[in-house]
Amino acid sequence: MADLRSTTSGLPIGGGKMGQLIREKDWSKTPLGNPENWSQSLRTTLNILLASKFPKFLWWGSELTCFYNDAYRPSLGSDGKHPSILGMSGQEAWPEIWHIIKPLMDKVLDNGESLWFEDLLVPIYRNGKIEDVYWTFSYSPARDDDSKITGVLVTCAETTQEVLLKRKLERSERKLRLIIQQAPASIATFKGPNYVTDIANANALELWGREAKDVLKKPILEAIPELKDQGIKELLDDVYKTGNRFAASELPVQLLRDGKLETVYINFSYEPLYDANGEINGIISIGHDVTYQVMAHKKIEVNEEKLTMVIDATELGTYDYNIKTKKLDGSKKLHEIFGLFAAEDLDHASFVSSIHPKDLEVRKAAFERSFESGILEYTSRLILPDGSLRWIEVKGKVYFDEDNNPLKVLGTVRDITSARINTQKLEESEQKFRLLADSLPQHIWTADTEGNLNYFNKSVFDFSGFSPEHLDREGWLAIVHPDDRTANIKAWTESISSGKDFLFEHRFRKHDGTYRWQLSRAKPQLNEDGEIQMWVGSSTDIHDQKEFTNELERLVVERTNELAQNVKDLANMNKELQSFAYISSHDLQEPLRKIQTFSTLLLENEYENLTDDGKEHFNRMQNAAKRMQALISDLLAYSRTSIAERKFEPTDLNKLIVEIKMDLKEELAFHHAIIESDELCTINIIPFQFRQLLQNLISNSLKFSVKDREPHISVTSEKGLGREFNLERLSPTINYCHIRVSDNGIGFEPKYSERIFELFQRLHGKDKFRGTGIGLAIVKKIVEIHNGYITAQGKPNQGATFDIYLPEN
């Protein structure tokens, strides 16, 4: 303090730059006047202010004249208030913030309060502009010689950089939290030795099966107690204590999710977190749920085991042949086919040497073709070590390098000796079939998959008088009446296109030039994959029945004319017409039962005598009978919708959806399908019929789903006046319930939106999608029974939508 003693003029000595400026200033022109007249309290306060290394400011006197020290001066900037405000009144010096600081000073001056503020924004003019400046400061009363509060002493520190840095850190932390929340991985941070959960993103919460409120600000082992006995704490402790990172792949962890303990497989890591002093203060966990991948790998392993079992069960030998090195690796079954033990060598040379000499050229030609097509396929004879012969069928796929040079062949070898032996038996069986067909009085004929007739039994030639050469030249239409040919061709073409049974009445020309009515039937013969292999048909003479029917119809007409006065009663016949399909379906079952009865007899007595192809044809016949049974069942269902009792009652559609989900539980699970339904309305309907309607639509969505795309079926409803739905078919003043069923399946061409509801209509081949083409016809029939209206919309591979509008009452 020696250098701050007062001069004879009353001004302090020393005090740095500001002390010098105070001494040099002409104070007589200020409200404080000549320093010689300043009070001792002011001098003492100035000595304290100038001697302090901490920023200080003083307002003194009635005008609150400004003083400040060297430590405060940098806060005023390089082009601002310094040094002009020294000795200036407070209001004149600080006009831009006077409205902020004057009320604070009044509290000090009037009440003697000492005030403290931290990181307060007080903008000031400096560096040629108004700047936002943050301060931590105190206001203290400064008293004169009479202990009267005469000024305000400010002790302050500019904290602008600290505040801005703090805000930057906060923004950075918010950004980090946002990044963590949006990250595709499961990320969480745990603070302290108790591992209190500080951050957990949505993926982490989903993985744990918890909500944020269940885990945040809680020790993770308390929030997820099932982790305690799984070694997780030991892993966390090791990372926290040693700083060593921990990582694991496909680690099985049991988590309680949706009330059920599940095993989840995780790829994750634990990393230490450090504070500003470099000390570990937490752990960050980053992980991915790989349960699906792990289960997929396990499924692949199971499938590979199944494939091995299937190959073993199909009696196929497998091989891997390296074309460049001539190395051949074969399965145990391949050794057996070649008459060798598994321990015996079967190299390429011994493979070739076992081929019958006359078949070597066949093998060579097959390999040459395979180098072009990539597919190897041939049959040949083997000479076994004991000298016996065996027929084999060789198939394979050729793999090429980047230059399209063949590298290796992977494939199978099948012993077809029995099949070759059975070929002769098949030919004998076919001869028996021809003999049997020729012995029947009916006309028997067959056709290929294109509908070309390629066989007629003897009865056809005897009846028509035509020779086989004549029919080959003129075609089978030569025996059909000219008036029946156009309709005959149309019906036959439709059956060939759709795969449906052919049934047609037409007239055949007899050798004497007369025509007799025939009922022709034909059924497709399918292979095990449901593909048509051929058609087998018969034509039965119904001329006498037809004549009788015509006469009966004539009598009916006469009788109808006689009863013309009762024409009003004919309206009741509509109900009988509605039951026609039902009765017809029952009648169709009689020939079907005969087919099934004779099939059973063949199965019990002749099946083992058939060739493989014969057995295949027989199996196709049985499958066709089963499909016929399904068709009849659907016809019965269709007819029942017309004749069933129509008892309407208020029905909650939500309950129907629940029942349908239970009925289709296995099919939904098989397709991994999701049925999403809003809160559906309650409406006056026939419950069992409408349940059938919804089940038909949902079943169609499953049936016509896209491969490798999980079916998503949506059912919604809304109520409104007809005019709100903008459909001409709806009455504008009637309340309707609009029910929409949509899916993400294969869809259909928009041009078929009307045709799709027609009876027996199929937009897709039956080899791809099963069904009878009746389901949507039933749906439309039920809607019509409810006095409603239905539309369909769709696009290929973009799903289908069905909109149903039912009157509310």
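Please treat every number below as a calculation from the coordinates, not as lab data. Everything numeric here is computed off the predicted structure, so don't read it as measured data. Every residue, glycine as well, gets a Cβ built from its backbone with ideal geometry; the counts of neighbours run over all protein chains shown.
Things worth noting here:
- Kirkwood analysis of the stretch 314-415, using all unique Cα-Cα pairs, places the hydrodynamic radius at 13.8 Å.
- The GluC sites (Glu not before Pro) of the stretch 91-125 that meet both conditions, a loop assignment by DSSP and at most 16 other Cβ atoms within 10 Å of the site Cβ, are Glu96, Glu113.
- Spatial extent of the stretch 1-125: Rg and Dmax, with the Cα atoms as the point set, Å: 14.5, 41
- Mean sequence separation of contacting Cα pairs (under 8 Å, at least six apart), scaled by the length of the stretch 645-807, corresponds to a relative contact order of 22 percent.
- Spin-label zone in the stretch 228-242 - amide nitrogen under 16 Å from a point set 7 Å from the Cα of Ile280 along the C-beta vector: 232-242
- Among the listed pairs Lys102/Lys175; Lys408/Lys703; Lys81/Lys107, those whose Cα-Cα separation exceeds 31 Å are Lys102/Lys175; Lys408/Lys703.
- Remark: relative contact order (the stretch 2-164) = 20 percent; criterion is Cα-Cα distance under 8 angstrom and separation of 6 or more residues.
- Within the chain, percent of DSSP bridges classed antiparallel, to nearest 5: 95
- Proximal aspartates and glutamates relative to Lys332, as straight alpha-carbon distance under 12 Å, when same-chain residues fewer than 8 apart are discounted: Asp312, Glu315, Glu344, Asp345
- Both radii are taken from the alpha-carbon atoms of the stretch 183-295; with Rh as the Kirkwood radius, Rg/Rh is 0.95.
- Charged-residue dipole, Cβ positions (Lys, Arg, Asp, Glu), the chain about Cα centre, Debye nearest 20: 1420
- Taking the Cα centre of the stretch 678-740 as reference, the dipole from Cβ charges on Lys and Arg (+1) and Asp and Glu (-1) amounts to some 220 debye.
- The GluC sites (Glu not before Pro) of the stretch 214-290 meeting both criteria, a DSSP state outside H, G, I, E and B (loop) and at most 12 other C-beta atoms within 10 angstrom of the site's C-beta, are Glu279.
- If R0 is taken as 22 Å, the Cβ-Cβ distance between Ile48 and Phe117 corresponds to a FRET efficiency of 0.55.
- Which labelled figure in (i) 72, 26, 22; (ii) 98, 44, 23; (iii) 55, 32, 27 is semi-axes √(5λ) of the Cα gyration tensor in Å, once derived from the coordinates: (ii)
- Projecting the Cα positions of Thr423, Phe802, His481 onto the charge dipole of the chain (unit charges on Cβ atoms of Lys, Arg, Asp and Glu, taken about the Cα centre) puts Phe802 furthest along the positive direction.
- Considering helices alone, the calculated mean residue ellipticity of the chain at 222 nm is -12500 deg cm²/dmol, with DSSP H runs of length four and up weighted by -39500 (n - 2.57) and normalised per residue.
- Across the chain, the relative contact order, built from alpha-carbon pairs under 8 Å that are at least six residues apart, equals 5 percent.
- Top positive-direction residue, dipole computed over the chain with Cβ charges, set Cys156, Leu555, Pro272: Cys156
- Options Gly720, Phe757, Phe338, ranked by Cα towards positive dipole end of the chain, top entry (Cβ charges): Gly720
- Sparse-neighbourhood loop sites, GluC sites (Glu not before Pro) in the stretch 427-505 - DSSP loop, at most 13 other Cβ within 10 angstrom: Glu450
- The stretch between Arg485 and Arg167 holds 105.3 nm of extra length on full extension. This uses 0.36 nm per residue minus the Cα-Cα distance.
- Stretched out straight at 0.36 nm per residue, the stretch from Asn194 to His348 would grow longer than its current Cα-Cα span by 48.7 nm.
- Cα-based reach from Lys500 at 18 Å (exclusive), listing lysines while leaving out same-chain residues under 8 positions away: Lys490, Lys523, Lys626, Lys766, Lys768
- When only the Cβ of Lys, Arg, Asp and Glu is charged (+1, +1, -1, -1), the dipole of the stretch 376-520 relative to its Cα centre reaches about 360 debye.
- Full extension of the chain between His470 and Ser269 yields a length gain of 63.9 nm, computed as 0.36 nm times the residue separation minus the alpha carbon distance.
- Counted without the sites themselves, the longest stretch of the chain free of chymotrypsin sites (Phe, Trp or Tyr not before Pro) in a DSSP loop having at most 16 other beta carbon atoms within 10 Å is 1-340.
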